[in-house]
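Undergrad: I'd like to ask some things about the structure below.
The values are calculated or read from the model by the stated rules, or taken from the named source; none is laboratory data. Please read all numbers here as calculations on a predicted model, not as lab measurements. Methodologically, a virtual Cβ is constructed for each residue, glycine included, from the backbone with ideal geometry; neighbour enumeration extends over all protein chains shown.
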Amino acid sequence: MSYYDKPEQPVRDSRLVIGDSYTGTACGALDCAKSGCMLQQGRRFWQANSCQMALSLMMAATIENAVIVMHSPIGCGSSLFGLTPGVTKGNVKRGKAPKQPIWLSTNLTEIDVISGGEKKLRETILYADREFRPEIILVIATCAPSIIGDDVNDVVKSVGGQTGAIVTAIHCPGFKSRVVASAYDAFYHSLISRVPLEPIDYRDYNPPERADPDYATKIRALAAQKQNTVNIFNATSIGLADEQELTRLLNAIGLNVRIFAEYCSVDELRMMSFAGLNVSLCNVHDDYILKYLQEKFDIPYIICGMPIGFASTKAWLLEIAEFYGLADRARNLIASEETQVSEAIAPFLPKLAGKRVLICGGVVRTSVEAVFLKEIGLDVIAVRAYHYDDGADPVISDLADSLDDTPFAVSNQPFEMVNQLKKLQPDITISHAGTHGFLAKAGFVSVQLWDTDKPFFGYSGIFQLVRRLVFAQRNDSYTKRLAANVAQPYRDNWFERDAYSYITD
Ligand code: SF4
């Protein structure tokens, strides 16, 4: 039985070779993974770790006309307050109604943990359907119901016949995976399980009638329309500006583009199988759904790093173009775009030449971006990836080729990052959203690794990233003053130790 047919997705810990603790070089990480040692590595001390539920929730909160039912104690839903402004803004930017996510909680108590929460879940789903009339209800199965053994799938199935909405469950208990990226699989598995992904005749399109004298022509036109449609898969770290830039480039070589699955409605999700090719922007986000669409609908897919910087954007575009026999057209476009953006960034590059940069965040983005930064003359002094998985081997291999001696760590631990920064003293730190507060308190100017308000992908992404790097190092007085007036939560003797001294074999 394929894992797509199972009630719950496997966690990445069992589906892929993964790691969350490593220090060495990129080349060493690849060797370590091949020999099996990546799986063995851990830490004697963890400062913090992420919960996959929070990441699944980020995706779920963007689905249009949905209600989220948190099957959890009340606290698990707290991150939805933080997600609301971003989701509302994302809706508005895409021309959708400025709706905030609607969410309810089953508010599991100690009594529920003893006696079970299925009754509460059933009642909450029915209430959500009655009160809000959504198109879809997404039940978030968290730690507590997963530990006590609530049969969430049974409730979802049994209640489904009584609701106007499609009801599906995202199984994402925080404790179940060491790798937070398992959350993407959990979200997509919930769609695969219960949401139709095929267009419906006469609702989503008008099929040609057999009696029509142009029947054969219309059938061919429909097939061509499907074949020339490329699906691109987004995630919370990919903003509208990135989607527009990639759409612009693919449109320029004659392809249609659809974007899934964030900010889609149930009607839009049905069009997912009406495509000739599925294209990844990051294997960590979307390999699960891409492989499913190939298995179920026979749609081929391309996973080719992330289109950040000259080399990666070119490789990404060419691979898609070659699939369609459009490589010459793509080469012309690439030459023209590269010329324009090279001229545009030329005045900025002398200000960045030789600047020492440390980069930290998701494994694919950091690896691809580090290679680009070297390409434009920066000195990449360290790369920190939040996790390792073997799907990212091609980009880690490119990193190993480009920056063979540069320290490469797999770590999402703030205490290790601050230690490494204090020792290396980079001119610029590029880091994941959510880290800039503690970086500023430690005295380091930082640039966000991704920002949904600005492009990072394609050629406009190159220009915007270069501009941001120049801007960030113009004035460091804020971080210097902050660091001088804020106490660090670490003892001084922590900084005498190696940043990764807690990592164990
Ligand atoms: S780790 Fe579990 S209990 Fe904590 S927020 Fe995540 S799902 Fe809720």
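Undergrad: All but one of (1) assigned to a helix (DSSP H, G or I); (2) within 14 Å of the ligand (Cβ to nearest atom); (3) without any contact (Cβ under 8 Å) to a residue 60 or more places away in the chain hold for Ala186; which doesn't?
TA: (3)
Undergrad: Those residues that are in contact with a helix residue (DSSP H, G or I) (Cβ under 7 Å, 6 or more places away or on another chain) and either closer than 20 Å to Ile111 by Cβ or in a helix (DSSP H, G or I) (or both), I need them from the stretch 156-172; list them, please.
TA: Residue satisfying the conditions is Val159 alone.
Okay, residues lined up against (1) at pLDDT 95 or above; (2) within 18 Å of the chain's Cα centre (by Cα):
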| position | (1), (2) |
| --- | --- |
| Met1 | no, no |
| Lys6 | no, no |
| Cys27 | yes, no |
| Ala33 | no, no |
| Gln52 | no, yes |
| His71 | yes, no |
| Leu83 | no, yes |
| Gln100 | no, no |
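Undergrad: Name every residue in the stretch 344-398 that is of a type in the set (Asp, Glu) and either more than 20 Å from the chain's Cα centre (by Cα) or not assigned by TED's automatic domain parsing to the domain that holds Gln448 (or both), in order of residue number.
TA: Glu375, Asp379, Asp398
Undergrad: Tell me which of these Val180 doesn't satisfy, since it passes every other one: (1) assigned to a helix (DSSP H, G or I); (2) crowded, with 22+ Cβ neighbours inside 10 Å; (3) touching a residue at least 40 places away in the same chain (Cβ under 8 Å).
TA: For Val180, the exception is condition (1).
Undergrad: Out of (1) closer than 21 Å to Ile503 by Cβ; (2) small (Gly, Ala, Ser); (3) modelled with pLDDT under 95, the odd one out for Ser367 is which?
TA: (3)
Undergrad: Suppose we keep only residues that are of a type in the set (A, V, I, L, M) and within 19 Å of the chain's Cα centre (by Cα) within the stretch 400-458. Which one would you say is surrounded by the fewest Cβ atoms within 10 Å (Cβ to Cβ)?
TA: Filtering first and then ranking leaves Ala433.
Undergrad: Let me ask something else about it. Please work out which residue is nearest to the ligand (Cβ to nearest atom), limiting yourself to the stretch 71-87 and to residues that are surrounded by 17 or more Cβ atoms within 10 Å (Cβ to Cβ) and among the hydrophobic types (A, V, I, L, M, F, W, C).
TA: It comes out as Cys76.
Undergrad: Here's another thing I want to ask about it. Kindly indicate which of Ile137, Ile114, Ile170, Ile125 is surrounded by fewer than 24 Cβ atoms within 10 Å (Cβ to Cβ) and of a type outside the set (Gly, Ala, Ser).
TA: Of the residues listed, the single one that is surrounded by fewer than 24 Cβ atoms within 10 Å (Cβ to Cβ) and of a type outside the set (Gly, Ala, Ser) is Ile114.
Undergrad: Is one or more of the residues making up the stretch 223-234 of a type in the set (D, E, K, R) and away from the ligand (no atom under 16 Å from the Cβ)?
TA: yes
Undergrad: On to the next question. In this structure, does Lys96 turn out to be among the charged types (D, E, K, R), under 22 Å from the mean Cα position of the chain (by Cα) and surrounded by fewer than 22 Cβ atoms within 10 Å (Cβ to Cβ)?
TA: Yes.
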